[in-house]
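The values are calculated or read from the model by the stated rules, or taken from the named source; none is laboratory data. None of these values were measured; they are calculated from a predicted model. Cβ coordinates were reconstructed from backbone atoms using ideal geometry, including for glycine residues, and neighbour counts include every protein chain displayed.
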């Protein structure tokens, strides 16, 4: 394995937890893209520091989507593979931390300045250590996930995250890459995957314009989060917003096809 702790730690300093895992997995698979590394930073701290799923999960899941894109030109198969791999990553991460949310592992509310100071003093080292230790396992999970033969589906399988990117004008590769975000990332019912996709895609468009731009606290990206919270009454969890969890990708597809979360998806796409 060529991606060592030194590489991951350097990426952690430069791109945050989400970028550290995205860069580490992509480096191992020879898929590195500095512009995308810069954009994924907005999902650090559980989506713009909202405390939802750890940025390491968002980053590694997006890297899995990119790997599936390259392995399977068939977008339906690639989406299926991405979502299945995202569930592997969730399980692996939870075995290390006994949680999946940033607020639970960091023990901090990053919306409060004094919590951030306390985190930097008392807890940041634990996150760096977690990235050091989990990155190799995340890489293995993605590599093994890509070896699974997906079912040859004959009809389109849609999901909330990919639908947002499609409506935002994303490329076919960008649309598929976020498939693992669906249903609260890996259909887990946690922080909204459509929201994460919109935040990332907006950041990606800004990073393409200026690769050196600092996006961590970008107002344009943060405006998407604030508007989403106004619409949902502050709720970010997929399970609560939808009133249910999804057991399979087909279950989720049917929900979206029947108009589920349609207004939220349109709002995110137009932000």
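A few remarks follow.
- For region 173-209, residues that are touching a helix residue (DSSP H, G or I) at 6+ places or on another chain (Cβ under 9 Å), more than 17 Å from residue 61 (Cα to Cα) and surrounded by fewer than 17 Cβ atoms within 10 Å (Cβ to Cβ) total 2.
- Scanning region 192-242 for residues that are at pLDDT below 95 and part of a loop (DSSP other than H, G, I, E, B) yields 210, 211, 212, 213, 214, 215, 216, 217, 218.
- Look at region 221-239: where a residue is free of Cβ contacts under 8 Å to residues at least 12 places away in the same chain and at negative phi and a partner is in a helix (DSSP H, G or I) and surrounded by fewer than 17 Cβ atoms within 10 Å (Cβ to Cβ), sitting 6+ places away or on another chain with Cβ atoms under 8 Å, you get 235/229.
- Single condition residue 88 does not satisfy, out of (1) over 19 Å from residue 142 (Cα atoms); (2) at pLDDT 90 or above; (3) crowded, with 18+ Cβ neighbours inside 10 Å; (4) more than 11 Å from the chain's Cα centre (by Cα): (1)
- Some residue of region 147-160 being part of a helix (DSSP H, G or I), over 10 Å from the mean Cα position of the chain (by Cα) and either crowded, with 24+ Cβ neighbours inside 10 Å or modelled with pLDDT of 95 or more (or both): yes
- Taken together, 77, 95 contain a single residue that is over 26 Å from residue 217 (Cα atoms), surrounded by fewer than 24 Cβ atoms within 10 Å (Cβ to Cβ) and touching a residue at least 40 places away in the same chain (Cβ under 8 Å), which is 77.
- Unique residue being touching a helix residue (DSSP H, G or I) at 6+ places or on another chain (Cβ under 6 Å) and at pLDDT below 95 when the list is 116, 83, 120: 83
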